[in-house]
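For reference, the structure discussed in these notes is given below.
The values are calculated or read from the model by the stated rules, or taken from the named source; none is laboratory data. Just so you know, these numbers come straight off a predicted model, no measurement behind them. Using ideal geometry, Cβ is built from the backbone for each residue, glycine included, and neighbour counts are taken over all protein chains shown. Remember, those area values only see protein heavy atoms, side chains included, never the ligands or the DNA or RNA. Shrake-Rupley method; radii C 1.70, N 1.55, O 1.52, S 1.80 Å.
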Amino acid sequence: MRRRSLLLAAVPAGLVTVSACGDSKSGSSKASASPSPSVSTAPPPKIVDAPLPAITGGTKFGEKPAVAKGPGAPSKDLAVKTVIAGGGRAVAENDFIQANYLGQIWDTGKVFDNSYDRKSPLVMQLAQGSIIDGWRYGLAGKKTGSRVLMAVPPTWGYGKEGNPHAGIKGTDTLVFVIDLIESFNSKSSAKGRAVPQTDAALPKVGTNTDGAVPKVTVPKTAAPKKLVSTYVLEGDGPELKADQTVLCQFQGLVWDGGKTFQRTYGSGRLSQFALEQMQQAVKGLAQGLTGKKVGSRVLIVVPPELGYGDTPPSGGVIKKGSTLVFTVDILAAM
């Protein structure tokens, strides 16, 4: 079983789990230790720059850090310091971020979670109810490529209940080191290398990388009988595994007539879903994404038996026996 972050809310099932996403310019373990943060009613914190413990090892961006115990009593405010300043895009609330992190308890220095050992950065949204408020407020405005050190009082962490499964009491201040790798919003798109589209029997897909809807031209010929999955833009990231969750832009069309039935491009939203869950909804989409590289735009043509077959969603353009066409920009995976 893949270990979930202590910080993340659960990803619901369904064809698409869409999350509002701002355009602001500005392993193996116990799954029971992974609560969903409740929606906080606490006021925004005052942000200060001290006190904070020292980073004593792994001081470079991307290295697993070692952190000293907290020096004396922690602040009642949210303490945040940029240890390494990055030069990337500034993160805004409701953006998704990709980050490595280590979390420990102020008083004892006990590490309760880290992503470095899993060798798999987390992808999370800085949105109320999706992440603890300390991250939501403390990371806003920070640039990708930065290492951020913060101390989060219970008010903006796990509250009075704490997190017993992780050994966090309701009085514990939490210390985090966070390496901000990348951020994504609704204007994000794949940035891979354009791959020649030479098969006249397949739809032609636009190669724009501005976050706008890629144009799809479906040929007026019979649809393929088998699943098709091919690169439009080929990225250089790791290949998707069947047990991962993907963050993406996407659109879905019906082969006959080329009508769109769902999309995120241009909607102000991104899509996040688990491939294992997608196997239960549109099997061909999950199969077509598995093995494809992060950073890519992929064309997937799904025959009826790997789509909705004879039980399409009611009231839409998808009919019994419809072949489906998807374009998917794979932004990140975890």
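Couple of notes before you dig in:
- Heavy-atom surface of the chain, accessible at 1.4 Å and reported per residue (Å²): 44
- FRET efficiency, 1/(1 + (r/R0)^6) with R0 25 Å, evaluated for Thr82 and Thr171 via beta carbons: 0.35
- Accessible area of the chain belonging to carbon and sulfur atoms, whole % at 1.4 Å probe: 52
- Evaluated at q = 0.18, 0.26 Å⁻¹: base-10 log I(q)/I(0), Debye formula over Cα of the range 94-141: -0.63, -1.04
- For the range 288-302, backbone nitrogen atoms closer than 20 Å to the point 7 Å from Ala242 Cα along Cα-to-C-beta are found at 288-294, 300-302.
- Estimated at 0.36 nm per residue, the fully extended path between Lys220 and Thr59 surpasses their Cα-Cα distance by 52.2 nm.
- Pairs from the list Lys226/Lys292; Lys187/Lys320; Lys191/Lys283; Lys169/Lys241 with a Cα-Cα gap above 24 Å: Lys187/Lys320; Lys191/Lys283; Lys169/Lys241.
- Chain lengthening between Ala212 and Gln277 when straightened (0.36 nm per residue, less Cα-Cα): 20.7 nm
- The chain: Rg to Rh, with Rh as the Kirkwood radius over Cα pairs: 1.02
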